[in-house]
Amino acid sequence: MKTYWNRRKFIIETSKAAAIITALPSFVKPTNQFFDQTPLPYNWNALEPFIDAATMEIHYSKHAAAYSSNFKQAIEAEVKELNKRNYDHIFSNIERYSSKMRNNGGGHYNHELFWSIMKPGGAKEPQGELAKAINTYFGDFSKMKKMFTDAALQQFGSGWAWLIITSSGGLSISSTPNQDNPLMSVASKQGTPILGLDVWEHAYYLKYQNKRAAYIEQWWNVVNWNEVGERFNASIA
Ligand code: MN
């Protein structure tokens, strides 16, 4: 299967013609059409010493795998119209679906984003248009990092911190509980996430125990700013 993507086109070549997605999720970078896990683009230990191999393996192959599997079950059971089996429809109508759909759909999308926005040895800070936008909306990169870090620290219990593109095209910081995300109709602050940080304890407890602040601080070392920049560029193109 080959996937081609740009902002207005979403063409998927597949032998399973009946399952072709016809909706145009203009704000979502598609990953896997059938909501399978995308293979991790690096080894379990690639993000050492900032994120340890054991955490990565359990996180990807147990936690995230379960979200993918349960999301597919929920879709099969609840979304009978094939052209509605896409993030755009499901997230923007999430209150119509079960908590299984909400928790696992969010869980799958959020983790797919998470793996993609990390990378060993990438750029240390945003580049290009994204860097300019961060300066415009936050003052500078360090202020954005501080706001994002605060959001991640202050998210009580399990959840995520986000850098999002708002409906007016600006940048903003938010956080969501559990596996919610800013694409969901239930999110208090909505937008297109281009950077997300998992602050569930399963994301850091083996290495950092209760020290969420230390995990967040170290995580900045593995952010894939090229990918975040590409997501930003795709949304403003
Ligand atoms: Mn997680």
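The values are calculated or read from the model by the stated rules, or taken from the named source; none is laboratory data. All values derive from a computational prediction rather than experimental measurement. Glycine gets a Cβ as well: all are built from the backbone with ideal geometry, and neighbour counts include every protein chain shown.
Filtered by the rule that a residue be at pLDDT 95 or above and away from the ligand (no atom under 13 Å from the Cβ), region 41-54 gives Tyr42, Asn43, Trp44, Asn45, Ala46, Leu47, Glu48, Pro49, Phe50, Asp52, Ala53, Ala54. Determine, yes or no, whether Lys143 is farther than 15 Å from Trp225 by Cβ, under 20 Å from the mean Cα position of the chain (by Cα) and without any contact (Cβ under 8 Å) to a residue 12 or more places away in the chain. Here the answer is no, as Lys143 does not meet what is asked. Looking at Glu76, Glu57, can you tell me which residue is more than 14 Å from the ligand (Cβ to nearest atom), charged (D, E, K, R) and part of a helix (DSSP H, G or I)? So the residue among Glu76, Glu57 that is more than 14 Å from the ligand (Cβ to nearest atom), charged (D, E, K, R) and part of a helix (DSSP H, G or I) is Glu76. For region 101-124, the candidate set comprises residues that are out of contact with any Leu (no Cβ under 9 Å at 6 or more places or on another chain) and within 11 Å of Val222 (Cβ to Cβ); within that set, the residue that is nearest to the ligand (Cβ to nearest atom) is Gly122. When Leu130 is tested against the conditions (1) over 26 Å from Arg102 (Cα atoms); (2) out of contact with any Gly (no Cβ under 6 Å at 6 or more places or on another chain), the lone failure is (2). The residues of region 183-206 that are under 21 Å from Ile58 (Cα atoms) and either under 14 Å from the mean Cα position of the chain (by Cα) or surrounded by 18 or more Cβ atoms within 10 Å (Cβ to Cβ) (or both), listed by number, are Gly196, Leu197, Asp198, Val199, Trp200, Ala203, Tyr204.
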